[in-house]
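In what follows, a single structure is set out as structure tokens and then discussed.
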Amino acid sequence: MNELEKRLLDGFQRGFPLTERPFAEIARQLNAEEDQVIGALEGLSESGIISRVGAAFAPGGIGASTLAALAAPPERLEEIAELVNGFEEVNHNYEREHRLNLWFVITAPDRDGVDRVIAEISRRSGLEVLDLPMLESYRLNLGFDLQWS
Amino acid sequence: MELTGELTGADRRLVTAMGPGLPLCRRPFREIGARAGLSEKNVITALKRMLEAGIISRLGVVVRHHELGYKANAMVVWDIADEDVDQIGERFKTFDFITLCYRRKRRPPQWPYNLFSMIHGRERQAVLAQVDELARACGLEDAPREILFSGRRFKQRGAVYNSGGAL
């Protein structure tokens, strides 16, 4: 990771400039060129270190979402993970070390949309899907303080 | 807290266009505007307004922790009395190593936990030590809790807010 990449990750997880040439503004702040900044972000994106440059929406702010979990028999986990991935309403889907071994976030325009996805996953997997909607947010993800080693 | 009533049709198109992230070009907001049927100026104005209203919690680079060496991703869940949970949640958020903290619905008997805190660490041992530190500092040594480390990531991306334009 070079210095420009590190400074992009440290300084721009929030507060992205809302100007016509945002990458030029970032470049100005980091003493670089606009095209260097764009190139560095392309590189970080291709290597999977960043998933995108974009907006994170507050939960409950637009549409409806929930955290869902199910207990897949270990030999069926991959098959069920694939089934869950097939829904465009699912944006995160993780294995976790627990009896409830598959955890995923469902986001839809409204609560009915969330319910439909839960019902469909349950029907097609034959498993109970636990629906754990958020009631209160104490700390949103406002970026991540990276400790460079 | 459904805020959808505050979003105009143009906002919804903008949210959909922002889903995959900003294009990495010199005029990204003009590009987004072209997808959403908005002018560059209106895109910028609408994004500012949504940030101020808290509909967008942040705008910037979205990092993937795992690729940066943060491989010990733990969801730590706690069963906290309903009358205490707000106070504990407020306390948790003052710890820098907690990246997310939410109260969620319990589903007894399968799921008794109501407080969720996320810790992204490099080493499992360090995360376990942080959980102990947290419990001690908040007087929760005896509170029922579980630590769920993540395994495979089957999917990780931003939410997609389109459903035939129904949003």
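Tell me, what is the per residue accessible area of the stretch B:66-149 in Å², probe radius 1.4 Å? Let's see the in-between values first.
Numbers: 3960 Å² over 84 residues.
For the stretch B:66-149, the solvent-accessible area averages 47 Å² per residue.
So what is the relative contact order of the stretch A:3-46, in percent, for Cα pairs below 8 Å that sit 6 or more residues apart? Mind showing how you got there, number by number?
Details: 27 pairs, mean separation 15.3, N = 44.
Reported as a whole number, the value is 35 percent.
DSSP loop (so not H, G, I, E, B), at most 16 other Cβ within 10 Å: list which GluC sites (Glu not before Pro) in the stretch A:1-33 pass both filters. Please list the in-between numbers first.
Working: sites: A:3, A:5, A:20, A:25, A:33; in loops: A:20, A:33.
Qualifying residues, ordered by number: A:20, A:33.
Filter the GluC sites (Glu not before Pro) in the stretch B:26-95 down to the DSSP loop ones having no more than 15 other Cβ atoms within 10 Å, then list what survives. Intermediate results must be reported in sequence, preceding the final value.
Details: sites: B:31, B:40, B:52, B:67, B:83, B:90; in loops: B:83.
Sparse-neighbourhood loop GluC sites (Glu not before Pro): B:83.
Using a Gaussian network model of chain B whose springs link C-alpha atoms within less than 10 Å, name the residue from B:21, B:54, B:33 with the highest mean-square fluctuation.
Of B:21, B:54, B:33, the Gaussian network model singles out B:54 as fluctuating most.
Could you work out the relative contact order of the stretch B:66-149, using alpha carbon pairs under 8 angstrom and six or more residues apart, expressed as a whole percent?
44
Tell me the angle of helix B:40-52 to the major Cα principal axis of chain B, expressed in degrees between 0 and 90 and rounded to the nearest ten.
30
Quickly work out the residue B:8-to-residue B:93 label distance, labels modelled 7 Å from Cα along the C-beta direction, and quote it in nm with one decimal.
With each label point 7 Å from Cα toward Cβ, the separation is 3.0 nm.
Once you have all Cα-Cα distances for the stretch B:1-146, histogram them in 10 Å bins from zero and send the whole-percent values.
10, 29, 23, 24, 13, 1
Please give the helix B:124-137 orientation as an angle from the longest Cα principal axis of chain B, in degrees from 0 to 90, rounded to the nearest 10.
Compared with the principal axis, the helix lies near 70 degrees.
So, with a 1.4 angstrom probe, what is the percent of accessible area on the stretch A:65-116 that is carbon and sulfur? The partial results should precede the final answer.
Values: 1030 of 2170 Å².
Its accessible area is 47 percent carbon and sulfur atoms.
The values are calculated or read from the model by the stated rules, or taken from the named source; none is laboratory data. Just so you know, these numbers come straight off a predicted model, no measurement behind them. Using ideal geometry, Cβ is built from the backbone for each residue, glycine included, and neighbour counts are taken over all protein chains shown. Quick note on the areas: whole protein, heavy atoms, side chains included, nothing else; ligands and nucleic acids left out. Shrake-Rupley method; radii C 1.70, N 1.55, O 1.52, S 1.80 Å.
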